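Every read-out reported here was derived from the displayed coordinates using simple, explicitly stated rules and does not represent laboratory data. Owing to the predicted nature of the structure, the values given are computational and were not obtained by experimental measurement. So basically every Cβ, Gly included, is an ideal-geometry build from the backbone, and we count neighbours across all protein chains shown.
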Amino acid sequence: MATANFVGTDRKEELLDELYEEAKRPGYTDEMEIAEHVITKQVERLVAYEQAIYKLRLGHRRAEQERKRATDELDKIQKELKTTPAVRGYVVKYEKKSDKVLVSVDGGNRIIHVIPRPHRFPRDEIVPGKEVDLNPQSYYILELLDSYKYKAEKFVVNGSSNVTYEAIGGLEAVKEKLREHTELQLDPAISEEMTEAGVEIQNALLLVGPPGTGKTMLAEAVANEAGVPFIGVNAPELVEKWLGTTSANIRDLYELARKKAPCIVFMDEIDGLALKRRTDGGETDAGDEVRTAMLQLCAELDGFNRRGEPIITIFTSNRDDRVDDAILSRSKQIEVPVPDRHAKLKIYKIKTQKYNLNEDIDFNRIVDLTPENCTGRDITNICTEIWLRKTKDAKRMGKKVGELSITTADFECIIEDIIGTFSQRVIC
């Protein structure tokens, strides 16, 4: 009966016939001897089947154990990645003989030997310049990343500028201060005289004012008027969670600036990188990585002062009370206020100079209706909204938008719709 568990009924009968024939060949004549021989052979075959099944189960068990070990290893690595602040570095050299890797960490300030996890990473992928994440305790390589060493160009949001001072309404006093500083810093003759006299001018400017007052446009205009490259970055984007990477990003940024010098380096929202430290010994929202990066930024600024390099750094912030004193002491602060009446009038005229304006349009009336805390960006948005509404009207009437004139009443309607948002705004 046991044989039927392994072979079909027809095959079982064939096997029994073969066993009977085999038993007769040695000279068995007694039916009992033949039956014993057949049973013995069946038992041997059953034992062979059981051994085969045992080996299969053993192989399956070993495969399951290997799978569990691999799963545990993966879980361990994932846990390390989630709970441990990994150290990011770059491969300098792979030593094939010792199976060790030279890795540059701390932004290039330190070279260490690390060990790849056995059989986890193909060795031909561990090449110089490859970016890796390390466990800070064991210095095992946790992950090989697809990217290579960061380049400053990754963070540049504006590599050129065509903005002029004339395109910015008002802010004449601010423009004059920027012109004076630019001439002192970027003029080779003046810079040489200052260096010989031992004069160190602050090569960083901090533009402070509410959002939308034109701080970014002013920085772009400085570069355009001076005829130098403009390297614009959003400061918080330089900050990363990997140890030493933010400082490396800042170094890379200023290496790029040195190659393009003379130039303007523009950092928007600097308080996202240089948040003021507390004086009572408590912790701020900024972590160690951000504080280290801020010190690196200070070192770069100090280096420019000593060397007299023609590089101007322009920071912006909505609130200077959030910026650390280390940056404030190295920067000349210039306030960029909300536009006054004269500036508002000029901005309206600049933004609508290509519009089809009605002959009797009254910009003085429009400025009177404009909220006091309305910024240059707000005025731009008002003008844009008028154009969009005229576009809808033209489409409904089957005309081109340029065929419809814009009147004072159009501005009054828009300003009335949005004036509630300005009454709740606080000028900071």
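Using the Cβ-Cβ distance between A173 and T407 with R0 = 30 Å, the FRET efficiency computed as 1/(1 + (r/R0)^6) comes to roughly 0.35. Within the shell defined by Cβ-Cβ distances under 11 Å, the residues around C413 carry a net charge of -4, with Lys and Arg each +1 and Asp and Glu each -1. Taken one residue at a time, the phi angles of region 369-383 give Karplus couplings (6.51, -1.76, 1.60, θ = phi - 60°) of 7, 6, x, 4, 8, 6, 9, x, 5, 5, 5, 4, 5, 4, 5 Hz. Gly and Pro are set to x.
Which peptide among 333-339, 363-369, 407-413, 50-56 comes first, and what is the full order, when sorted by highest mean count of other Cβ atoms within 10 Å?
For the peptides 333-339, 363-369, 407-413, 50-56, the packing ranking is 333-339, 407-413, 363-369, 50-56.
For region 49-63, the Karplus equation 6.51 cos²θ - 1.76 cosθ + 1.60, evaluated at θ = phi - 60°, returns couplings of 4, 5, 5, 5, 5, 4, 5, 5, 5, 5, x, 5, 5, 5, 5 Hz by residue, with Gly and Pro reported as x.
For the pairs K276/K351; K346/K395; K354/K399, note any where the Cα-Cα span goes beyond 26 Å.
On the way: K276/K351 37 Å; K346/K395 30 Å; K354/K399 18 Å.
Table pairs above 26 Å Cα-Cα are K276/K351; K346/K395.
Derived scalar couplings between HN and Hα for region 317-322 equal 7, 7, 9, 6, 6, 9 Hz in order, rounded to whole Hz, by the Karplus curve 6.51 cos²θ - 1.76 cosθ + 1.60 (θ = phi - 60°), x for Gly and Pro. Taking amide H as placed 1.01 Å from N in the peptide plane, I314 has its amide H under 5 Å from the amide H of L205, V265, F266, M267, each at least 5 places away in sequence or on another chain.
Full extension of the chain between L58 and K349 yields a length gain of 96.2 nm, computed as 0.36 nm times the residue separation minus the alpha carbon distance.
So if R0 is 30 Å, what FRET efficiency would E255 and K97 give, r being the distance between their Cβ atoms, rounded to the nearest 0.05?
Details: r = 34 Å, r/R0 = 1.13.
Between E255 and K97 the formula returns 0.30.
Rounded, prolate or oblate: which fits region 341-423 when a ≥ b ≥ c are the square roots of the eigenvalues of the alpha-carbon gyration tensor, with rounded for a/c under 1.5 and prolate only if a/b beats b/c? It is prolate, given that a/c is not under 1.5 and a/b is the larger ratio.
Ordered by packing density, taken as the mean number of other Cβ atoms within 10 Å over each peptide's residues, highest first, how do 223-234, 86-97 rank? Intermediate values should be presented prior to the final figure.
Working: 223-234: 19.9, 86-97: 17.4.
Top of the packing list down: 223-234, 86-97.
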